[in-house]
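Visitor: Take a look at the following structure, please.
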Amino acid sequence: MAVREIAPGVHAVGAVDWNLRLFDALIGTPQGTSYNAYVVKGSEKTALIDTVDPKFEEDLLKNLMRLGLGSLDYIVINHAEQDHSGTLPLLLEMFPAATVIADEKCRDLLLRLLLVPEERIRIVKDGEALDLGGKTLEFMVTPWVHWPETMMTYEREDGILFSCDLFGSHLATSELYADDFMQIRPAAKRYYAEIMMPFRASVRAALERVSALDLQVIAPSHGPLYRNPVLILDAYAEWTSDAVKNLVLIPYVSMHGSTAKMVSFFTDALIERGVEVQPYDLTRADLGEVAMTAVDAATIVFAAPTVLFGPHPAAVHASYLLSILRPKTKFVSVIGSYGWGGKTVQHLKETLSHLDAEMIEPVYVRGYPGGEDLAALAGLADTIVKKHEDVVPRS
Ligand code: FEO
């Protein structure tokens, strides 16, 4: 990524990863990502805020050269995850006078993950400030806004918040700013669902702190920056709120058509009752989209056949993923079909019990669903309608 000026003395110097399709060997990134790093140059001192994934160390070094930086005084590490800290060992060799700025927990992780020499690290506390000469960096320790050590850095004079993972998006783009927010919003929501949703309470607390700042620009460590911060702040206020929508998410898989028939009938039954439905065939679904739907859904109903002794592996994978992403979903259930036995319902109930959601009695049938089975699904749809009346605001 080319060097871009954000404010006098403040530049974006990170890298764009146009081709990344799987982040952390876990999360789909269909639109790539970026690893944003920033230089803040005061009249006395110069700081680099975060580094880049080591795959892109050359891009970062070239950008520092383009800025004519012969030395760095500080390297602020907001977050020890290697996509932001991984180039630190190289930078410490190249800039022997540079001091690493990190909070205490981040220091501990840098020692373990990157073998950074302890004497190169200066620990800062929440609210501490660092004067670079006309540019003041204020550190905000915000644990569990991805990892336990995460911190943000606020540059007071220009009102720029270097928010690290918070407000990021996995989006490779030549645009520095997210001025067309409606275009960026899906990527930002996907990022929230995949990265931030498990930490909703911590994110909400961080959001309150951030909202009290005089903010001109939010500069996250992935994706474009926001020079109209209210747009992303409002989106996060919605996603992190307790409010859910009159929406049922149905991740499903079917082998011989029985479970598919149940999903089809159940989907229609919900629609007829005025409930929005989003089914996803797990053999072809983008799990990022499943997670995005889970941000809003009042109810998740897993639909899976029994394979030998338990749930189809695609349902095991997706249910485990949702259980650790911890959406604010209020109700869960299971539907599906079996041939001769097995513990599918028990298995999925156990996985879904990690969500703070009420389990509605499953509808699990033997073989192809007949009239009584379809009636039971209609009953499940009726129950969901009643449950939603208690948790979904009336429009
Ligand atoms: Fe982008 Fe938690 O690292």
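Visitor: Could you give the length gained on full extension between MET255 and ALA201, defined as 0.36 nm per residue of separation minus the Cα-Cα distance, in nm?
Guide: 15.6 nm is the gain from fully extending MET255 to ALA201.
Visitor: Pop out the carbon and sulfur fraction of the accessible area of the chain as a percent, whole number, probe 1.4 Å.
Guide: Using a 1.4 Å probe with all protein chains present, the chain comes out at 51 percent carbon and sulfur.
Visitor: Would you be so kind as to identify all helices of the chain, as entire DSSP H runs, whose Cα atoms reach 30 Å or more along the helix's own axis and whose mean Kyte-Doolittle hydropathy is at least 0.0?
Guide: 371-391
Visitor: Which of rounded, prolate or oblate describes region 248-387 when judged by the alpha-carbon gyration tensor and an a/c cut-off of 1.5?
Guide: Judged from the Cα gyration tensor, region 248-387 comes out rounded (a/c under 1.5).
Visitor: Between LYS343 and ARG209, 0.36 nm times their residue separation minus their Cα-Cα distance comes to what?
Guide: 43.6 nm
Visitor: Using the scaling law 2.2 N^0.38 Å as the reference, what is the normalised Cα Rg of region 109-216?
Guide: 1.19
Visitor: I've got another one for you. Work out Dmax and Rg for region 1-70 from the C-alpha atoms and quote the Rg first, both in angstrom.
Guide: Gyration radius and largest Cα-Cα distance of region 1-70: 13.4, 43 Å.
Visitor: Please say if the chain is rounded, prolate or oblate, where rounded means a/c under 1.5 for a ≥ b ≥ c the square roots of the C-alpha gyration tensor eigenvalues, and otherwise the choice is prolate for a/b larger than b/c and oblate otherwise?
Guide: Judged from the Cα gyration tensor, the chain comes out prolate (a/c at least 1.5, a/b above b/c).
Visitor: Starting from 0.36 nm per residue, how many nanometres of slack lie between GLU93 and LEU22 once their C-alpha separation is accounted for?
Guide: Length difference between fully extended and current span is 22.6 nm.
Visitor: Counting C-alpha atoms alone, how compact is region 318-388: give Rg to one decimal and Dmax as a whole number, in angstrom.
Guide: 13.0, 36
Visitor: While we're here: How much accessible area per residue does region 4-240 have, counting only protein heavy atoms and a probe of 1.4 Å, in square angstrom?
Guide: 39 Å²
Visitor: Does region 84-157 come out rounded, prolate or oblate, given a ≥ b ≥ c as the square roots of the eigenvalues of its C-alpha gyration tensor, rounded meaning a/c under 1.5 and, failing that, prolate meaning a/b above b/c?
Guide: Cα axes put region 84-157 in the oblate bin.
Visitor: Is it possible to state the helix-based mean residue ellipticity at 222 nm for the chain, with each DSSP H run of 4+ residues giving -39500 (n - 2.57), the sum divided by total residues, to the nearest 500 deg cm²/dmol? What is it?
Guide: Calculated at 222 nm, the ellipticity per residue is -10000 deg cm²/dmol.
The values are calculated or read from the model by the stated rules, or taken from the named source; none is laboratory data. Remember, predicted model here, so these are calculated numbers, not experimental data. For accessibility, only protein heavy atoms count, side chains too; no ligands or nucleic acids. Shrake-Rupley method; radii C 1.70, N 1.55, O 1.52, S 1.80 Å.
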